[in-house]
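See below for the structure under consideration.
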Amino acid sequence: MSDRVEHRLCLRSLYDNFKKRFKGGEVIRDLIMGAAKATYQQEWEKKMNELKSLDKKAWEWLSAHDPKLWCKHAFSFYAKCDVVMNRICEAFDATMLVATDKPIVTMCEWIRKYIMNRIASIKYELRLGSWNNRIMPMPMKRLNREIALSAGWLPIWSDDDKCEVEKIGGGNSFVVDLANRTCSCNFWELVGIPCRHVVAAMTRRSQTPQDYVDYYYSRDAYEKCYSFSVTPINGEEMWPRVKHEEMLPPSCNIGPERPKKRKKVSRRVPDEVRVYVDRPSTYKCKACGIRGHNAKGCRNTTKDPLAPPGKVIKMFVLLLFLNFFFC
């Protein structure tokens, strides 16, 4: 891939690799998630220092990874995206799972028809006008969350465009610049949606936060993404014949088992419900009734009167029964 393309790591996969080397736990998990989701440098350093005081080797392992790959505060502002989970690829794999076991031509035809139908369906929904706002539903949902959280912040204006927003009741403060569309928490520049500090500043000036949402989340940009269409084609029988050497399928070894179509789901147990219990030994002596050894290696002189008879006694009883029955 090009060096100009921004590369990121999936935070969930990173944490799974972390748990293979170190112990997990709810506290360590929250510190790693908090460090990855911190939008400014100081908050990231605070979480990393807490992790260092808790487990230095875990901190060294995590610090060896470039923050540009898994931390929001080091992401580029160009993409207007703060996603740290690889859910997009997982959704794509889940959709394509139906066609992965088909031949290459059949699989490509299935993908082409799926994309063609999806684009046509989205165009039809846009023409119906089910959503009339300028901002699309999912970005609007995130903006409404920031609007609800802005009630706990108070702006102190410096001039027409700049102000200092502080938390009511004491806490951190951030500088908001409406002219340059910046906030010192970096959320506005990173995502393209006004943060709670910006919304608090706009409320005092009777400004609408929807007007400051980036163009990427607008209805016009959404329509441009789906402005093209996939051209329908005839069936395979009507395809033009080309004179060339016949293409043979690649040679492959077929395993003895039936091919699996379902995706392997990792049996991940949440850290808050993971309980480590010392299980008792499965060995139980039939002579004394104590766990930890068997009757062959039993050294106890006192025998359990309720213990079941051993193999020798069972054979002796069986021989007596057969002798009495047949003789």
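Some points to look at:
- Every test in (1) in a helix (DSSP H, G or I); (2) surrounded by 14 or more Cβ atoms within 10 Å (Cβ to Cβ) is passed by G24 save one, and that test is (1).
- Qualifying residue in region 190-205 (condition: among the charged types (D, E, K, R), modelled with pLDDT under 90 and in contact with a strand residue (DSSP E or B) (Cβ under 9 Å, 6 or more places away or on another chain)): yes
- Checking D159 against (1) surrounded by fewer than 23 Cβ atoms within 10 Å (Cβ to Cβ); (2) touching a residue at least 12 places away in the same chain (Cβ under 8 Å), the condition it does not meet: (2)
- Condition check for E60: exposed (fewer than 13 other Cβ atoms within 10 Å of the Cβ), modelled with pLDDT of 90 or more and part of a helix (DSSP H, G or I): yes
- Taken over region 142-156, residues that are buried (at least 19 other Cβ atoms within 10 Å of the Cβ) and outside any helix (DSSP H, G or I) amount to 2.
Yes/no per residue for (1) more than 13 Å from R8 (Cα to Cα); (2) not β-branched (V, I, T):
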position: K47; (1), (2): yes, yes
position: E50; (1), (2): yes, yes
position: D55; (1), (2): yes, yes
position: H65; (1), (2): no, yes
position: K68; (1), (2): no, yes
position: C71; (1), (2): no, yes
position: V83; (1), (2): no, no
position: E90; (1), (2): yes, yes
position: Y114; (1), (2): yes, yes
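- Among the residues of region 100-114, not a single one is out of contact with any strand residue (DSSP E or B) (no Cβ under 8 Å at 6 or more places or on another chain), closer than 22 Å to C185 by Cβ and surrounded by 13 or more Cβ atoms within 10 Å (Cβ to Cβ).
- The number of residues in region 75-113 that are of a type outside the set (G, A, S), closer than 25 Å to Y217 by Cβ and assigned to a helix (DSSP H, G or I) comes to 6.
Residues checked against (1) surrounded by 10 or more Cβ atoms within 10 Å (Cβ to Cβ); (2) under 30 Å from N117 (Cβ atoms):
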site	(1), (2)
P194	yes, no
H197	yes, no
M202	yes, no
Y215	yes, yes
D220	no, yes
F228	no, yes
E245	no, no
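The values are calculated or read from the model by the stated rules, or taken from the named source; none is laboratory data. Because the structure is predicted, anything quoted here is derived from the model rather than measured. Note that each Cβ is placed from the backbone with ideal geometry, even for glycine, and that neighbours are counted across all protein chains shown.
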